[in-house]
Structures are given as C-alpha cells and as structure tokens.
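Next up is a structure, given as structure tokens.
The values are calculated or read from the model by the stated rules, or taken from the named source; none is laboratory data. Given the structure is predicted, the values throughout are model-derived calculations rather than measurements. We place every Cβ from the backbone using ideal geometry, glycine too, and count neighbours over all the protein chains shown. Just so you know, the surface numbers come from the protein's heavy atoms only, side chains and all, with ligands and any DNA or RNA stripped out. Shrake-Rupley method; radii C 1.70, N 1.55, O 1.52, S 1.80 Å.
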Amino acid sequence: MTQSDRTSFDAFAARIRALGFDPPPANLEEMFAAMPHLEAMRARLRRPYTYADEPAHVFRPEGGDR
C-alpha cells in the first residue's frame, strides 16, 4: 500500500465514529498509525479461493461406494 492509497486521518476517524466508537484522540492516532501493519497482515492471510479448493464437507450419496 502506498502513501497515496492510504485513507486520510479524517476519513478514518469519521469511519470509526460512524461505527459507534468514540476513542480518545491519542488512541485514534495509534489505531491510524497501525493501519499499514494491519493491511500488510491481511494481505498475507487472505488468498483467492477457487472452485478447485478442497470443500469443507464431503457428502457421499446413499448406496454409493464407501
């Protein structure tokens, strides 16, 4: 994420307050400063899933080979 891609502090604060939170200014600044680290972690954890990925459950039809 480049500096130009980052959300402005005012937009970040407005979004936090719109969600119903009202942190003190010092905490809000810390949260905003942590955003690049959180975005980097999200990028490492998420991956695009495809239809070829293993399903969470496997269902066998009744009477089928086991």
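If R₀ is 30 angstrom, what is the calculated FRET efficiency for the pair D10 and A56, using the beta carbon separation as r and rounding to 0.05?
Values: r = 41 Å, r/R0 = 1.37.
With a Förster radius of 30 Å, E is 0.15.
Let me ask something else. To the nearest 10 degrees, how steeply does helix 9-18 sit against the main Cα axis of the chain, on a 0 to 90 scale?
Helix 9-18 and the main axis of the chain meet at about 60 degrees.
Answer with one residue from H57, L28, A18: the one whose Cα lies farthest towards the positive end of the charge dipole of the chain, charges on Cβ with Lys, Arg +1 and Asp, Glu -1.
Of H57, L28, A18, it is H57.
Would you mind getting the accessible area per residue of the chain, heavy atoms of the protein chains only, 1.4 Å probe, in Å²?
Accessible area per residue, the chain: 97 Å².
Per the Debye formula with a single identical scatterer at each Cα and no solvent contribution, what log10 I(q)/I(0) holds for the chain at q = 0.18 Å⁻¹?
-0.81
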